[in-house]
Amino acid sequence: GVAARAVDVWKTYGSGDAAVTALAGVSVDLEKSRFTAIMGPSGSGKSTLMHCLAGLDDVTRGEVWVGDTKVTGLKDRGLTDLRRDKVGFIFQQFNLLPTLTAEENITLPLSIGGKKVDREWFDVVIETVGLRDRLSHRPTQLSGGQQQRVACARALVSRPEVVFADEPTGNLDSQSGAEVLAFLRKSAHEFGQTIVMVTHDPNAASYADRVIFLKDGHIVRELLSPTADEVL
Ligand code: ADP
Ligand code: ADP
């Protein structure tokens, strides 16, 4: 099945002489339970594509779907529901709340949505991400790698249709980055979680099942299960 879909998506910022075409007719199906990386030079449209797929940005033309929800045309209420229930996010800067413990950060999306924590699933995620003995720590008491693993657990705890990761290893040393990437890969393969990651780093992209290359707002190339050398 398809977890997210872009159909001939165009995105233009500004208008008239100042218009910038960030996406120029992108069509892609993101299969369920796969780990997909989006690569490409700076300014090629990676962030724009991810934001459009996640409903954080509206498209100028074309359609976006997440699961069986047509994102294009959703109003505020529908977009709020989408962001809360159907997608998870992992950011380069972790974006944890400093006054909350790791556990409180992880369960926050559920608390906000008034939902119960599935304890069995929570335990599976915590074991897999290796945070069992860090749950009562606050972000300042954790290393960068541990903070990003908290963010990974937070993104997965509600079992969203798609987890979007924007340069998730951009602020990590290579060892911590490798742990985060191995976790994302395992989330796809063992838990069936669909993961979409934007990255500059060929080594990071080599963990993905599929790598899509953007240039000037177009998909120009695609690789399946590549090695780091192939991604370069
Ligand atoms: P990437 O993530 O690959 O670096 P982006 O999606 O951020 O690329 O940007 C694609 C193009 O759209 C670039 O030319 C960028 O300058 C432009 N762009 C992105 N966001 C905005 C914005 N909010 N307003 C105007 N132009 C933008
Ligand atoms: P596990 O023990 O769960 O298999 P690993 O840390 O061994 O976790 O890695 C998970 C997957 O990530 C492996 O199947 C491997 O294909 C891939 N992987 C591991 N290291 C690298 C690397 N340096 N570059 C690309 N892919 C890697």
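The values are calculated or read from the model by the stated rules, or taken from the named source; none is laboratory data. Small disclaimer: the values here were computed from a predicted structure and weren't measured. Here the Cβ is made from the backbone with ideal geometry for all residues, glycine too, and neighbour counts use every protein chain on show. Note: accessible area is taken over every heavy atom of the protein model, side chains too, but ligands, DNA and RNA are not part of it. Shrake-Rupley method; radii C 1.70, N 1.55, O 1.52, S 1.80 Å.
Would you kindly give the portion of the calculated P(r) for the chain that falls above 26 Å, as a percent of all Cα pairs? So the portion of pairs separated by more than 26 Å is 36 percent.
Note on segment 29-134: the alpha carbon radius of gyration divided by the globular reference 2.2 N^0.38 Å gives 1.25. For the chain, carbon and sulfur atoms together expose 48% of the accessible surface, with a 1.4 angstrom probe and every protein chain in place. Of Asn95, Asn105, Asn203, the residue with the greatest mean-square motion in the GNM of the chain, using alpha carbon springs below 10 Å, is Asn95. For segment 102-232, the C-alpha radius of gyration sits at 1.11 times the compact-globule guess of 2.2 N^0.38 Å, with N the residue count. In the context of the full set of protein chains, residues of segment 1-121 present 51 Å² of accessible surface per residue (probe radius 1.4 Å, heavy atoms only). Computed packing ranks the peptides 185-196, 136-147 as 185-196, 136-147, most packed first, by mean other Cβ atoms within 10 Å. The order of the peptides 204-216, 121-133 by mean Cβ neighbours within 10 Å, most packed first, is 204-216, 121-133. The local environment of Pro226, defined by Cβ-Cβ distances under 11 Å, has a net charge of -2 under the rule Lys, Arg +1 and Asp, Glu -1. What separates the Cα centres of segment 169-221 and segment 13-62 is a distance of 17 Å.
For segment 186-232, the equivalent ellipsoid derived from the alpha-carbon gyration tensor has semi-axes of 20, 13, 9 Å in decreasing order.
Peptide packing: for 9-18, 28-37, the average count of neighbouring Cβ atoms within 10 Å per residue gives the ranking 28-37, 9-18, highest mean first.
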